[in-house]
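Beneath this line is the structure, given in structure tokens, with notes to follow.
Just so it is clear, none of the values below were taken in a lab; they were calculated from the coordinates. Note that the structure is predicted; figures quoted are calculated from it, not measured. Virtual Cβ from ideal backbone geometry, glycine too; neighbours counted across all protein chains shown.
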Amino acid sequence: MTDKSRPEFLGGPFSRRLGLLISGRGSNLQAIIDAIGEKSLDAEIAVVISNRADAAGLERAKQAGIETLVVDNQDQTRFPTRDEYDRELVKQLRNRNVELVCLAGFMRRLGAVFIQAFPNAILNIHPSLLPAFPGMNAQHQAWEHGVKYTGVTVHLVTAELDGGPIVLQDAVAVQDDDGPDQLAARILEQEHRLYPRAIQMVLDGGWRIQGRRFVKSDSFRRGG
Ligand code: GRF
């Protein structure tokens, strides 16, 4: 939810320090690592945090020399409530001076504690053209529905599931002979292109949130 007491939020510029949250394969994490390596994304990954010890993405981060951390949400002794889990994530990110948090296949809802700690500074990537097909298995939902176009959305994270202001979108055409897996693979390729671009835009600043709308503000960028 956008802060109602601030109808217009001026965003960024942020420091270049990213915190990545993952739960699995980590192909979007890899795309971000690669974009940084190729200098098409001017940023630094301060830490990769997974809620699962077996997330393959952890290995990708280690290979790239990035610090990794497992904060296991199933550990009921350490984290009996969602708030306690979220507070631990916030603490670990703040300890590393992270300013922009990027969810990259993080399969866990974040609560108010986390969202309020990083106002308009949490990004997520979702494999559909939101607001169509929020939630799990969005590619499959789109295929089953029979849409002719679906795609990818990068959005700011609010309390509403997959419902925050949209930063960037790209469409992917559904072919008649696509199966759900083929469609998901083409969407994933598009995700890998879109996420680094969206992160760069948000880091650079010069944008504002008007109501639900993420809009670039050239006058703000020029300091006017
Ligand atoms: C991606 O499809 C992303 O859009 C969704 O979760 C998946 C994560 O894949 N939020 P990966 O772990 O980045 O490969």
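Where nothing but the Cβ of Lys and Arg (+1) and of Asp and Glu (-1) is charged, how large is the charge dipole of the chain around its Cα centre, in debye to the nearest 20?
Once rounded to the nearest 20, the dipole reads 820 debye.
Going by amide H atoms built from the backbone, whose H comes under 5 Å of the H on Phe214, apart from near neighbours?
Those qualifying (amide H under 5 Å, at least 5 residues apart or on another chain) are Ile166.
Using only alpha-carbon positions, what ratio does the radius of gyration of region 130-224 give when scaled by 2.2 N^0.38 Å?
After normalising by residue count via 2.2 N^0.38 Å, the value is 1.23.
Which value, in nm² and rounded to one decimal, describes the direction-averaged projected area of the C-alpha convex hull of the chain?
Result: 12.9 nm².
Work out from phi, with θ = phi - 60° and the Karplus expression 6.51 cos²θ - 1.76 cosθ + 1.60, the ³J(HN,Hα) of each residue of region 209-217, listed in order in whole Hz, and give x for Gly and Pro.
Coupling constants for region 209-217: 9, 10, x, 9, 8, 8, 10, 6, 10 Hz.
Rounded to the nearest 20 Debye, what is the dipole magnitude of region 125-202 about its Cα centre when Lys and Arg each give +1 and Asp and Glu each give -1 at the C-beta?
That gives a dipole near 300 debye.
Counting Lys +1, Arg +1, Asp -1, Glu -1, what net charge surrounds Ala198 among other residues with beta carbon under 13 Å of its beta carbon?
Its environment carries a net charge of 0.
For Met136, Met201, what ranking results if the residue with the fewest other Cβ atoms within 10 Å of its Cβ goes first?
Met136, Met201
Once every Cα of region 62-138 carries one equal point scatterer and solvent is ignored, give the base-10 log of I(q)/I(0) from the Debye formula at q = 0.14, 0.18, 0.19 Å⁻¹, two decimals.
For region 62-138 at q = 0.14, 0.18, 0.19 Å⁻¹, log10 I(q)/I(0) is -0.56, -0.89, -0.97.
List the pair-distance distribution P(r) of region 1-117, using every Cα-Cα distance, as the percent of pairs falling in each 5 Å bin from 0 up to the bin containing the longest distance, rounded to whole percents.
2, 11, 20, 23, 19, 13, 7, 3, 1
What fraction of the Cα pairs in region 52-98, stated in percent, has a spacing above 12 angstrom?
Here the tail beyond 12 Å accounts for 66 percent of pairs.
What ranking of Lys39, Lys62 emerges when the number of other C-beta atoms within 10 Å of each C-beta is taken as an exposure proxy, fewest first?
Lys39, Lys62
Using each residue's phi in region 139-154, evaluate 6.51 cos²θ - 1.76 cosθ + 1.60 at θ = phi - 60° and report the 3J(HN,Hα) Karplus result to the nearest Hz, with x for Gly and Pro.
5, 5, 4, 5, 4, 5, 5, x, 5, 8, 10, 10, x, 9, 10, 10
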